[in-house]
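Chemist: Could you have a look at this structure, given as structure tokens, before my questions?
The values are calculated or read from the model by the stated rules, or taken from the named source; none is laboratory data. As the structure is a computational prediction, the values presented were derived from the model and not from experiment. Quick reminder, even Gly has a Cβ in these numbers, built from the backbone with ideal geometry, and neighbours come from all protein chains shown.
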Amino acid sequence: MTDDPATTDDPMMTDTIAAGESPSTDEATTSDDTPTNATAGDDVAMRVAVTGTPGTGKTTATDHLAADIDAEIIHLNDAIRENDLYTERDADRDSLVADLDAVSDHLGEWTGVLESHLAHHVDADRVVVLRCEPGVLEDRLRDRGETAEKARENAESEALDVVLSEAVDQHGLESVYEINTTDREPATVAAEIAAVRAGDREPTAGEVAFTGYLTE
């Protein structure tokens, strides 16, 4: 996948994090103990990022989720395009290079569910990483019009746990939740995301393994 997976029919987007850099993860606090970063009430997370390799079902699942929770669903890739939150267009890769500083400024003190393959680069309280068997993912991307090369690149990235590893590095094992979407209905995936948001699931990372794809 390198850094340029797409999640829409429009040009793909990449981030602009330099080597060794990551956005701030400092948590906001207040003097009156009002929850500002982790929960509304005891367990419900205020900010949930839903990320994953393109083709894992992020947009479809979060669209289903919208009917079940009282929270805003933010499709970050749409916001990047519509608000010019990118530094350049990579013509060779048909992609937009997202400006994560501009993204952070645009989101401000956001709450809700943030969906994008870049969502794990944004401050969040819980991070859901959607997973999919790479062969299935490759077929999904080809059906969506991606080239064979691009589809294979993303499938290999999924097999190598690239997004999961980035999410764990950014947020820590205690805040990351894997959900395998292979052969599962979007409504079922949405219900699992809702359970993560509600605090009804324990963190999981590294339980899904697809490295066998790399030897096929």
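Chemist: Which ones in the range 174-193 are in contact with a Leu (Cβ under 6 Å, 6 or more places away or on another chain) and closer than 20 Å to D43 by Cα?
Modeler: Listed by number, the residues that qualify are I179, A190, I193.
Chemist: What are the residues in the range 172-181 that are surrounded by fewer than 16 Cβ atoms within 10 Å (Cβ to Cβ) and on the phi < 0 side of the Ramachandran plot, if any?
Modeler: If the condition is that a residue be surrounded by fewer than 16 Cβ atoms within 10 Å (Cβ to Cβ) and on the phi < 0 side of the Ramachandran plot, then L173, E174 are the ones that fit.
Chemist: Among the candidates D169, D105, D139, D200, which residue alone is over 25 Å from R81 (Cα atoms), without any contact (Cβ under 8 Å) to a residue 24 or more places away in the chain and either among the charged types (D, E, K, R) or in a loop (DSSP other than H, G, I, E, B) (or both)?
Modeler: Selected residue: D139, the only one of D169, D105, D139, D200 that is over 25 Å from R81 (Cα atoms), without any contact (Cβ under 8 Å) to a residue 24 or more places away in the chain and either among the charged types (D, E, K, R) or in a loop (DSSP other than H, G, I, E, B) (or both).
Chemist: Moving on. Which of (1) assigned to a helix (DSSP H, G or I); (2) of a type in the set (V, I, T); (3) crowded, with 24+ Cβ neighbours inside 10 Å is the odd one out, the single condition V128 does not satisfy?
Modeler: Answer for V128: the failing condition is (1).
Chemist: Only one residue in A167, A190, A195, A155 is at pLDDT 95 or above and in contact with a Pro (Cβ under 6 Å, 6 or more places away or on another chain). Which one?
Modeler: So the residue among A167, A190, A195, A155 that is at pLDDT 95 or above and in contact with a Pro (Cβ under 6 Å, 6 or more places away or on another chain) is A155.
Chemist: In the range 64-102, what residues are more than 24 Å from T188 (Cα to Cα), of a type in the set (A, V, I, L, M, F, W, C), in a strand (DSSP E or B) and touching a helix residue (DSSP H, G or I) at 6+ places or on another chain (Cβ under 9 Å)?
Modeler: L96, A98
Chemist: Taking E202, is it closer than 17 Å to G55 by Cβ and touching a strand residue (DSSP E or B) at 6+ places or on another chain (Cβ under 9 Å)?
Modeler: Criteria not met by E202.
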